[in-house]
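Notes for the one structure printed next.
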Amino acid sequence: MTRKAADCRDTPSVSGCSLYISGEEEEVVRAATEHAVSVHEHADTPELREEVRTSLKDALPGTGRRRPHPEPVS
């Protein structure tokens, strides 16, 4: 499955937000919607979620690599 991304730089805003979110489509829709509500003061509506979903792009190469978890420190 292709990772998706939402990039605040693609949407004009007063704050000039540069947040980039990538992951599975549903994760990105949820996180980007929460960000739009909490930071940009949008209302959480089905229309906002659909707008977020239609604005998603394929994630940039290298943003989806799994990194091994560090060994626990004892």
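Numbers for the structure displayed
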read-out	value
Filtered residue count, region 20-44, keeping only those that are touching a residue at least 12 places away in the same chain (Cβ under 8 Å), aliphatic (A, V, I, L, M) and loosely packed, with under 15 Cβ neighbours inside 10 Å	1
Residue within region 55-74 that is β-branched (Val, Ile, Thr), modelled with pLDDT of 95 or more and surrounded by 10 or more Cβ atoms within 10 Å (Cβ to Cβ) present	no
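The values are calculated or read from the model by the stated rules, or taken from the named source; none is laboratory data. Quick caveat: nothing in here was measured; it's all calculated off a predicted structure. Counting neighbours? That spans all protein chains shown, and the Cβs are built from the backbone with ideal geometry, glycine included.
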